[in-house]
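Read through the structure below, which is laid out as structure tokens, and then see the notes.
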Amino acid sequence: MDAVPTADHTIKQGAPSVADLFMGFFILGLTGFGGVLPLARRMMVEKRGWLTGAEFTDLLGLCQFLPGGNVINMSVAVGLKFRGIPGAFAAILGLIAAPTAVVIALGVVYDRYENEPVVRHLFGGLAAAAAGLLISMAIKVAWPLRRDVVGWLIGVLCVLAIAVFRLPLLPTLLTLAPLSILLKSRQAS
Amino acid sequence: MSGTLVALALIFTQLSLLAFGGGNTILPEMQRQVVDIHHWMTAREFTALFALAQAAPGPNMMVVPLVGWHVAGFSGVLVTSLAKFGPSSLVTGIALRLWERFKDRPWRRKVQAGLVPVTAGLVIASAIVITHASVPSWSLALIAAGVAIATTTTRIHPLLALAAGAVLGLTGIGQP
């Protein structure tokens with residue numbers, strides 16, 4: 001067929017194969033330390049040209065809207081978009097294969113030497129630092145809401161329910177999410 | 001053993017579908033389930049696993065297979081990974097087909113804006129629960145505070161901050 005390539009045709013030609021999807025996300029999983037999202041953009045938009053910047057932002061919007069990790073959802077979405085269900089499996093497996101092997105290897109070491117004072121001290125410091133990272137993340141997530149009355153109300157109720165009273169997440173979300181959506185949409189209108 | 005695997009599957013399926021705003025929002029519920037309800041590990045062990053997962057490469061939910069491994073070995077890894085990543089992936093696949101239709105609807109924006117304060121509250125709750133279990137001594141509290149300040153106010157790489165915490169911890173100062 002010597003037909004003039006349509007827009008659709010050219011996209012298909014540049015589309016990654018199942019193996020490309022696996023390898024792209026495999027490298028992303030291996031190299032992404034402390035937040036994979038900026039690297040995910042660089043890999044898919046700048047280096048491999050799978051998506052345009054606008055397509056990436058649009059897909060990220062979808063993945064942020066849904067439950068689950070952004071980059072994990074994105075691997076599934078990108079895999080599906082280009083190669084259907086096999087592509088989705090290749091992308092997510094590529095993303096989590098190496099990190100899973102690494103954490104299990106570290107877990108074996110921890111389980112084995114948990115009671116050695118040196119290892120216990122090392123992991124004590126590591127866990128404290130990980131908690132510090134989480135505090136920093138909490139500050140960054142909450143900071144834009146500091147002048148938002150609804151933000152404060154819902155945030156405080158969440159903290160009370162989950163951190164103070166240790167209530168289960170399901171009923172907490174079923175109560176606070178609709179309340180927050182209702183209050184925020186009233187605030188906006 | 002199979003009872004444990006069924007329990008793991010149920011817990012992580014629920015967490016998969018409730019993880020609005022990413023993985024850090026579900027840490028307190030994960031800890032409540034595996035420590036308080038099922039007694040598979042102590043709170044200190046849970047925070048050590050969380051810290052290990054933070055120090056590893058990849059997406060920030062690598063604590064999931066690690067918990068599975070700690071509780072039930074390789075079958076635990078398979079069950080927790082499938083249960084955690086399967087349902088949310090299925091939802092993503094379905095939503096991807098509908099996204100063009102609903103992304104510009106007003107309700108989509110309202111729901112998304114409404115979830116922001118919930119996500120923020122849950123991440124704060126995670127920080128409180130994890131910090132509470134990770135800093136049994138003054139020296140560890142200093143490490144947590146130092147890392148929090150450094151990573152909030154500078155662009156220091158998270159991995160470097162973790163390494164610094166581990167090295168300081170290694171001295172054993174102020175630790176039991």
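No value in this document is a laboratory result; all are computed from the given coordinates. Computed from a prediction, not measured in an experiment: that's the story for all the values here. Don't worry about glycine lacking a Cβ; one is built from the backbone with ideal geometry, like all the others, and counts go over all protein chains shown.
How do B:69, B:99 line up, fewest other C-beta atoms within 10 Å first? Don't skip to the end; give the middle numbers.
Working: B:69 23, B:99 19.
In order of increasing Cβ crowding within 10 Å: B:99, B:69.
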Contour minus end-to-end for residue A:152 and residue A:23, with contour as 0.36 nm per residue of separation and end-to-end as the Cα-Cα distance?
42.1 nm
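Over the Cα atoms of chain A, compute the convex hull volume and normalise it per residue, giving Å³.
On the way: hull volume 34.7 nm³, N = 189.
Once divided by residue count, the hull of chain A is 184 Å³.
Hey, fewest Cβ within 10 Å first, where do A:47, B:84, A:184 land in order?
Values: A:47 12, B:84 33, A:184 24.
So the ranking, lowest neighbour count to highest, is A:47, A:184, B:84.
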Helix B:158-170 sits at what angle to the longest principal axis of chain B, using alpha carbons and giving 0 to 90 degrees rounded to 10?
30
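Counting only complete DSSP H runs, which helices of chain A cover 24 Å or more along their long axis at the Cα atoms and score a mean Kyte-Doolittle of 1.0 or above? Provide the component values of the computation, followed by the final result.
Working: long enough: A:70-113 (45 Å, 1.28); A:117-142 (37 Å, 1.50); A:169-188 (27 Å, 1.02).
The answer, listed by residue number, is A:70-113, A:117-142, A:169-188.
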In the protein assembly as shown, if the dipole is taken from +1 on Lys/Arg beta carbons and -1 on Asp/Glu beta carbons about the Cα centre, which of B:63, B:48, A:45 is farthest to the positive end?
A:45
Flagged links, alpha-carbon separation over 24 Å, of A:140/B:110; A:47/A:81; A:81/A:184; A:184/B:84
A:81/A:184; A:184/B:84
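Between residue B:132 and residue B:171, what FRET efficiency comes out of the Förster formula 1/(1 + (r/R0)^6) with R0 = 22 Å and r the beta carbon distance, rounded to 0.05? Intermediate results must be reported in sequence, preceding the final value.
Details: r = 23 Å, r/R0 = 1.05.
That gives a FRET efficiency of 0.45.
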The simple spin-label model distance between residue B:149 and residue B:6, using points 7 Å out along Cα→Cβ, in nm, is 5.2
Residues whose placed amide H lies under 5 Å from that of residue B:20, excluding near-sequence neighbours
A:68
Given R₀ = 35 Å, FRET efficiency for residue B:101-residue B:142 by Cβ-Cβ distance, to 0.05?
0.10
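Counting Lys and Arg as +1 and Asp and Glu as -1, what is the net charge of the other residues whose Cβ lies under 15 Å from the Cβ of residue B:125? List each step's numbers first, then the result.
Numbers: positive: A:166, B:32; negative: B:29, B:36.
Taking every Cβ under 15 Å from that of residue B:125, the sum is 0.
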Nearest 0.05, what FRET efficiency do residue A:46 and residue B:159 give at R0 = 30 Å with Cβ-Cβ as r?
0.85
Tell me the label-point distance for the pair residue A:115, residue B:75, using the 7 Å Cα-to-Cβ offset, in nm and rounded to one decimal.
2.7
